[in-house]
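A short worksheet on the structure shown next.
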Amino acid sequence: MKTGVFEMNDLNLTKQDVESLAKGQSVENKSSTIKKVAHYYTSQGNLSAKGKRLAEDIFRVMVQDVEIKIRAVLADSIKKGHSIPDDIVKKIISDTEEVSSSFIQFYGDLKDEDLISILESQNITKQKAVASRYNLSEDVSHAISEKCPEEVVGTLISNETARIAERTYENIIKKYKDSDLIKEKLVYRAQVPARIIGKIMDSLSDELKKRLVMIHNLPENMASDLIEEVKEKTTLKISEDFSSDKQIDELVRQLYKSDRLTPSLVVRSICMGDLKFFEYALVYLANTSLIEVRKILFNNQADFVIRNLLRKAFIPKEMFPAVFSALNVIRDIHFDCTKTNKDTFVHKVIERILSVGNADEELSENDINYLISKIS
């Protein structure tokens, strides 16, 4: 056998041998021949023009083979090649997903228009193969966000080499705003614009917020806010497990002594329906007896008296609407912290906050979003 150049005689193949590959030989023999020819073909430095044409003739025969395994072996064997004739490429792409998916993912010479055409086929396996490609362009990434289902979009986000424009991220979070899968994929992706992180942050679980801080180089104020929020929710979760006034009094006292009884935590507690925690917090922060706190909150209808109590406790004025919304809900539903469903309560408080702008206090959209972030 000659070395350096692959021609028909290199593999002892004739045109008749090529034709015979389409019939008569076992799957194993065909697979072995395909792999051998493909190896020479993809190592183009060792391939003569004549050998290249012969190899392509062999491929044209093999893409028509009745055995799926043969077609799959061919597609897998030449997926790392270059400048493969269009008729062979199109035949492989249009084949079953078993044959085409690996080729679609790895063949480097597919153009953006080819990939977008594959996305339109509505075959999820092929779509995921496109979404997994190395160095995917922004245009194809955007097409995936427009044309593909959630699991394919998730595959795209997990592909760290894919280039994703901010408009595509915007499209994804708008389209899948309630998808835990997409939120998780975004949190674990190494590079996501800070503005996008800000938009999904409030809807993340506490665990994902922790991950967000660890994985992303967040602005210091954003990271601090996230950490503080998780701490607050953990504290209120502990409070939920306490039934007696004495236990809650002790918890609040410890937080007060360690300077962790923050206005944000106190307001979050009342908006989450943790009335006892809120009352004891005001006792310590405003240096007022529990009897007096309860009298002011529920036996006196003059709002200015409640405002004075909140000021005395150093609760910021911008948080007052959230407190009053929660107190109004408590009065309306004859609140019982042992019986009232907390999710229903929070939902009603948010509804009240959203309607405050129609009442005596005008809130901007930023104010409303801020207050709701202290509840959710």
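None of the figures in this text is laboratory data; all of them are computed from the coordinates on show. The model shown is predicted, which means the values in this text are computed figures rather than measured ones. Positions of Cβ are backbone-derived with ideal geometry, glycine not excepted, and every protein chain shown enters the neighbour counts.
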**OP:** Taking the convex hull of the Cα atoms, report for segment 38-189 its projected area averaged over all directions, in nm².
**Re:** 9.3 nm²
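What number comes out for the charge environment of VAL305, summing +1 per Lys or Arg and -1 per Asp or Glu over other residues with Cβ under 13 Å away?
Working: positive: ARG294, LYS295, ARG307, ARG311, LYS312; negative: GLU292, ASP303.
My count for the surroundings of VAL305 gives +3.
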Subject >> Semi-axes of the equivalent ellipsoid for segment 258-328, Cα gyration tensor, largest first, Å >> reply: 16, 14, 12
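Multiply the residue gap between LYS36 and SER83 by 0.36 nm, knock off their C-alpha separation, and tell me the result in nm, one decimal place. Walk me through the numbers on the way to the answer.
Numbers: separation 47, 0.36 × 47 = 16.92 nm, distance 1.86 nm.
That works out to 15.1 nm of additional length.
Stretch ASP178-GLU28 to full length: gain in nm at 0.36 nm per residue minus the Cα-Cα span? Let's see the in-between values first.
Values: separation 150, 0.36 × 150 = 54.00 nm, distance 4.95 nm.
This chain segment gains 49.0 nm when fully extended.
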